[in-house]
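Shown next, in structure tokens, is the structure this report addresses.
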Amino acid sequence: MKNVSKVLALGLVAALGAVSLLVAGEKAPIAGGYCPVAYVKMHKAVKGDPKITSEKDGNVYYFANAMAKQMFDAEPAKYRIAYDGWCATGVTMGKKIASNPELFTETGGVTYLFSSEQAKAMFDKDPAMTIAKADEGWSKIK
């Protein structure tokens, strides 16, 4: 019972944090604030610093350090996060499903995020087909 209470309390804190961002008029960062450069260069999910940011195409990005921000600002297309950070497999079904920024596949400088291990496994079975379907789905739900 204590664990359930802790989980509910953490969920409430997270929800209130998201509401405070919206109330303050701040945009939530793409990919939950994870660094887009780290996905490509380090092949791992690294939480970005909310004090080191850039905005591109209406999305706010957080970076692990100033060097990552410089790299992104110089060549943002190299560090693109697909579908504004929504689950790539969900997008194939025409749905915007929240992703877990720690579940990702990076391919050709594009990072694809997923909502679950199963969604990632489906993508990884046939990335080219999944990307084609997701691109088509994204054009309809964007």
*asked:* Check which residues have an amide H placed less than 5 Å from K56's amide H, if you skip close sequence neighbours.
replied: Y61
_Would the range 21-142 count as rounded, prolate or oblate if I go by the C-alpha gyration tensor, calling it rounded below 1.5 in a/c and otherwise prolate when a/b exceeds b/c, oblate otherwise?_
prolate
*asked:* So if I place +1 on the C-beta of Lys and Arg and -1 on the C-beta of Asp and Glu, and nothing else carries charge, what would the dipole magnitude of the range 28-141 be about its Cα centre? I want it in debye, nearest 20.
replied: 120
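Just give me a number: lysine pairs in the range 72-142, eight or more positions apart or cross-chain, with C-alpha atoms less than 13 Å apart. Mind dumping the intermediate values first?
On the way: K95/K133; K95/K140; K95/K142; K96/K140; K96/K142.
Taking the range 72-142 as the scope, the lysine pair count is 5.
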*asked:* Amide H of I81 versus every other amide H placed in the peptide plane: which residues, excluding those fewer than 5 positions away on the same chain, fall under 5 Å?
replied: T111
*Nonlocal amide H pairs with A45, under 5 Å, H built at 1.01 Å*: none
*With θ set to phi - 60°, apply the Karplus curve 6.51 cos²θ - 1.76 cosθ + 1.60 along the range 124-141 and write out the HN-Hα couplings as whole Hz, x wherever there is a Gly or Pro.*
5, 5, 8, x, 4, 5, 5, 5, 4, 5, 5, 4, 5, x, 5, 4, 8, 10
*In which sequence would W86, W138 go, from the one with the fewest C-beta neighbours within 10 Å to the one with the most?*
W138, W86
*Can you spot the aspartates and glutamates whose alpha carbon is less than 14 Å from K69's alpha carbon? Ignore those fewer than 8 places along the same chain.*
D49, E55
*By how many nm would the segment from K51 to S139 lengthen if fully extended, with 0.36 nm per residue of separation less the alpha-carbon distance?*
28.5 nm
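Among F63, F72, F123, what is the fewest-to-most ranking by other Cβ atoms within 10 Å? Intermediate results must be reported in sequence, preceding the final value.
Values: F63 28, F72 21, F123 24.
Arranged by neighbour count, lowest to highest, F63, F72, F123 become F72, F123, F63.
Bear in mind that the values in this text are calculations on the coordinates, not laboratory data. Nothing here was measured: the structure is a model prediction, and the numbers come from that model. For neighbour counting, all protein chains shown are included, and Cβ atoms are generated from backbone atoms with ideal geometry for every residue, glycine included.
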